[in-house]
1. Near L11, within a Cβ-to-Cβ distance under 13 Å, what is the net charge of the other residues, with Lys and Arg +1 and Asp and Glu -1?
2. Is the shape of the range 140-208 best called rounded, prolate or oblate, per the rule: a/c under 1.5 gives rounded, else a/b larger than b/c gives prolate, else oblate, with a ≥ b ≥ c the square roots of the Cα gyration tensor eigenvalues?
3. How big is the range 21-143 on each of its three principal axes, counting only the C-alpha atoms and giving the largest first in Å?
4. Roughly how big is the chain's charge dipole about its Cα centre, with Cβ charges of +1 (Lys, Arg) and -1 (Asp, Glu), in debye to the nearest 20?
5. Under a point-charge model restricted to the Cβ atoms of Lys and Arg (+1) and Asp and Glu (-1), what is the dipole moment magnitude of the range 115-191 relative to its Cα centre, in debye to the nearest 20?
6. Which percent, nearest 5, of DSSP beta bridges in the chain are antiparallel?
7. Roughly how many nanometres apart are two label points built 7 Å out from the Cα toward the Cβ at L206 and A112?
8. Mean 1/r over all different Cα pairs, inverted: what Kirkwood radius does the chain give, in Å?
Amino acid sequence: MNIYEEQYQLLKQNGAQAWAGEGYKRAHQQLGVILQELEQRNILPSPGASFLELGCGNGAMSSQYMAERGYEVSGVDISQTAIEWAKERFLTLGLKGIFIQGDVCNLQQFKADSYDVIFDGSCFHCLIGKQRELCLAEIRRLVKPEGIAVISTMTGKPKDPENLKDFDSDNYHLMRNGQPWRTLKPITLLEEEISVQGFSIIYTHLNHNPWWDHATICCKPN
Ligand SMILES: C[S@@+](CC[C@H](N)C(=O)[O-])C[C@H]1O[C@@H](n2cnc3c(N)ncnc32)[C@H](O)[C@@H]1O
């Protein structure tokens with residue numbers, strides 16, 4: 001079974017609110033601050049615009065935030081349990097959303113030039129090696145010519161000694177059980193990686209945390 005599917009089955013059984021578990025309230029608050037900033041900077045289009053969250057999980061984070069503000073929300077996640085959970089959650093909250101199980105590296109079921117906003121729900125840092133280029137190519141294909149893509153990702157070196165000892169700084173991989181688990185590149189490399197896939201970076205927000213930093217990189221298709 002896929003590790004994300006396994007994790008969502010556990011989270012649901014344990015009555016968690018979302019992927020972040022006990023950290024949900026803090027994560028949700030932090031996301032709200034960033035999305036408000038993007039609204040204030042006019043980086044996000046007005047409500048009613050189409051919004052796709054990559055790695056939407058159970059929909060409790062940016063999908064819910066944007067649906068509550070009147071955006072036309074869709075979400076994709078690799079875990080079927082997360083997708084069913086997102087559908088249930090939206091039904092209970094009386095919100096509209098379309099949730100589809102799929103891999104962000106191959107989104108053939110989604111039509112080109114369809115979304116005003118594509119928001120990475122902290123999924124990009126879960127991708128390793130070639131997967132990252134495939135995902136960026138899919139974002140480039142799916143975003144409307146005047147649309148915006150937002151990459152929300154772990155960045156820089158882990159700060160606590162436990163994670164630092166599992167960090168492969170040659171490949172920017174945080175390792176778990178001997179396998180690459182997360183990619184944490186420095187900001188400049190992230191921006192370069194995104195730019196070469198046909199985007200112009202218009203704004204980068206950096207959130208400093210005691211464990212690792214988190215970047216929100218906003219870009220327009222060229
Ligand atoms: C850090 S979690 C964040 C989930 C959700 N956005 C949230 O904030 O609660 C990353 C999400 O990406 C999903 N994911 C990881 N790799 C994926 C892939 N290749 N395709 C689609 N979803 C993926 C995981 O299932 C997980 O829901």
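1. Once positives and negatives cancel, what remains is -3.
2. Working: a/c = 2.76, a/b = 2.13, b/c = 1.30.
Cα axes put the range 140-208 in the prolate bin.
3. Answer, in whole Å and largest first: 33, 33, 25 Å.
4. Dipole magnitude for the chain comes out near 180 debye.
5. Dipole size: approximately 100 debye.
6. 55 percent
7. 3.7 nm
8. On the way: mean 1/r = 0.0568 Å⁻¹.
Over the chain, the inverse of the mean reciprocal pair distance is 17.6 Å.
FYI, it's all coordinate maths here, none of it is from the lab. Not measured: the values here are computed from a predicted model. Cβ atoms come from the backbone with ideal geometry, glycine included; neighbour counts cover every protein chain shown.
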